[in-house]
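Heads up: the structure comes next, in structure tokens.
The values are calculated or read from the model by the stated rules, or taken from the named source; none is laboratory data. Keep in mind that what you see is a predicted model, and the values were worked out from it rather than measured. Positions of Cβ are generated from backbone atoms using ideal geometry, with glycine treated the same way; all protein chains shown enter the neighbour counts.
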Amino acid sequence: MNSLIATEETAKTRSRYNRIAPVYDAMESLYEGRFAPWREQVWSLVPSGQVLEVGVGTGKNFPYHPARVEVTGIDLSNRMLARARQKADKLGHIIQLREMDVQQLDFPDDSFDAAVATFVFCSVPDPVRGLRELGRVVKPDGRIILLEHVRIDRLAIIGRLMDLLDPLVVRLMGPHINRRTAETVQQAGLEVEQVEDLARGGLVKLIIARPSSLIPD
Ligand SMILES: C[S@@+](CC[C@H](N)C(=O)[O-])C[C@H]1O[C@@H](n2cnc3c(N)ncnc32)[C@H](O)[C@@H]1O
């Protein structure tokens, strides 16, 4: 993606999430019962050590963080982060939170044993760039674990409907509903280890990848 477009899109994404931050938890409560076991599965796969949580949002994953990890959480939206801070304090959860863009991470190479993102790469303007950054900051033997809703490719008509509705959903809520994130992970030069369908039709996927030593420029 052209860097000017990416910068404009990033500013729009930030303001959309700042706008919906006060109602995000209420909106998501409709689905949270379904998401909870998936969140649990994701965090059960995380190795011990330093973990980067990308797009922490309001901190919905905090109750699932295992004691064996030290988590640094980042998000583009300061208002989502403010809610995450409140949630962490309420839970007595120790976590470093920083306002940061995954497309341009302010961490040295090989800083983390793992990176986790749940329902984030649907919103990142240039997901290839963001995923490459994860490949850079995660140690070569580390893991990148993603939980993402994606385009339904198995039913052509549903996939086309998702394409049609996508611009409207982006405008109103922020995320794209027609991304093919497992393919994007490969495109970013990461080594895909596992892709598991968690919801009917392949709508939600668990994607586990390793940073590859062959990250393209
Ligand atoms: C749909 S919410 C998911 C929040 C949380 N992970 C969850 O599971 O509820 C997407 C989050 O990703 C953040 N985000 C979007 N683009 C980002 C970027 N480029 N860098 C960091 N965070 C980003 C948004 O601000 C938002 O908080």
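Being closer than 22 Å to Ala188 by Cβ, hydrophobic (A, V, I, L, M, F, W, C), within 12 Å of the ligand (Cβ to nearest atom) and not in a loop (DSSP other than H, G, I, E, B) is true for just one of Val42, Val102. Which residue is that? First the steps, then the outcome.
On the way: Val102 fails: not in a loop (DSSP other than H, G, I, E, B).
Being closer than 22 Å to Ala188 by Cβ, hydrophobic (A, V, I, L, M, F, W, C), within 12 Å of the ligand (Cβ to nearest atom) and not in a loop (DSSP other than H, G, I, E, B) holds for just one of Val42, Val102, which is Val42.
Testing Ala115 on (1) under 20 Å from Phe35 (Cβ atoms); (2) in contact with a Ser or Thr (Cβ under 9 Å, 6 or more places away or on another chain), one condition comes back false. Which one is that?
(2)
Please go through region 174-184 and pick out each residue that is within 16 Å of the ligand (Cβ to nearest atom) and on the phi < 0 side of the Ramachandran plot. Quick ask: steps written out before the conclusion?
Step one: filter region 174-184 for residues within 16 Å of the ligand (Cβ to nearest atom), giving 174-179, 181, 184.
Pro175, His176, Ile177, Asn178, Arg179, Thr181, Thr184, listed by residue number.
Considering only residues that are touching a strand residue (DSSP E or B) at 6+ places or on another chain (Cβ under 7 Å) and in contact (Cβ under 8 Å) with a residue 60 or more places away in the chain, look in region 119-134 and name the one that is farthest from the ligand (Cβ to nearest atom).
Initially, region 119-134 is screened for residues touching a strand residue (DSSP E or B) at 6+ places or on another chain (Cβ under 7 Å), giving 119-122, 134.
Filter once more, keeping what is in contact (Cβ under 8 Å) with a residue 60 or more places away in the chain: 119-121, 134.
Numbers: Phe119: 4, Val120: 4, Phe121: 8, Leu134: 11 Å.
Applying the filter and picking the extreme gives Leu134.
So which pairs qualify, if the first residue must be in region 12-23 and at pLDDT 95 or above, the second must be surrounded by fewer than 16 Cβ atoms within 10 Å (Cβ to Cβ), the Cβ gap must be under 7 Å, and the two must be at least 6 apart or on different chains?
Within 7 Å, the pairs are Asn18/Asn78.
Of the residues Arg98, Arg34, Arg79, only one is surrounded by 17 or more Cβ atoms within 10 Å (Cβ to Cβ) and either of a type in the set (Gly, Ala, Ser) or within 30 Å of Pro167 (Cα to Cα) (or both); which? Outline the logic, then answer.
Values: Arg98 fails: surrounded by 17 or more Cβ atoms within 10 Å (Cβ to Cβ); Arg34 fails: surrounded by 17 or more Cβ atoms within 10 Å (Cβ to Cβ).
Only one candidate passes the filter, namely Arg79.
Could you tell me whether Leu168 is modelled with pLDDT under 95, surrounded by fewer than 21 Cβ atoms within 10 Å (Cβ to Cβ) and more than 9 Å from the ligand (Cβ to nearest atom)? So that I can check it myself, show each step before the final result.
Details: modelled with pLDDT under 95: yes; surrounded by fewer than 21 Cβ atoms within 10 Å (Cβ to Cβ): yes; more than 9 Å from the ligand (Cβ to nearest atom): yes.
Yes: the conditions hold for Leu168.
Suppose we filter region 46-99 for residues that are more than 13 Å from the ligand (Cβ to nearest atom) and closer than 16 Å to Val120 by Cβ; how many remain?
The number of residues fulfilling the criteria is 2.
Which of (1) more than 13 Å from the chain's Cα centre (by Cα); (2) crowded, with 20+ Cβ neighbours inside 10 Å; (3) of a type in the set (Gly, Ala, Ser) is the odd one out, the single condition Gly92 does not satisfy?
With respect to (1) more than 13 Å from the chain's Cα centre (by Cα); (2) crowded, with 20+ Cβ neighbours inside 10 Å; (3) of a type in the set (Gly, Ala, Ser), Gly92 is out only on (2).
Being more than 29 Å from Pro22 (Cα to Cα), at pLDDT 90 or above and not β-branched (Val, Ile, Thr) is the filter here; which residues of region 140-158 pass it?
Selection gives Pro140, Asp141, Gly142, Arg143.
Being free of Cβ contacts under 8 Å to residues at least 40 places away in the same chain and closer than 22 Å to Arg154 by Cβ is the filter here, so list the residues in region 167-192 that pass it.
Across region 167-192, the qualifying residues are Val169, Asn178, Arg180, Ala182, Glu183, Gln186, Val192.
Test Leu30 against the stated conditions and say whether it is more than 20 Å from Leu172 (Cβ to Cβ) and either at pLDDT below 95 or of a type in the set (A, V, I, L, M) (or both). If you could, list the steps in order and put the result at the bottom.
Numbers: more than 20 Å from Leu172 (Cβ to Cβ): no; either at pLDDT below 95 or of a type in the set (A, V, I, L, M) (or both): yes.
Here the answer is no, as Leu30 does not meet what is asked.
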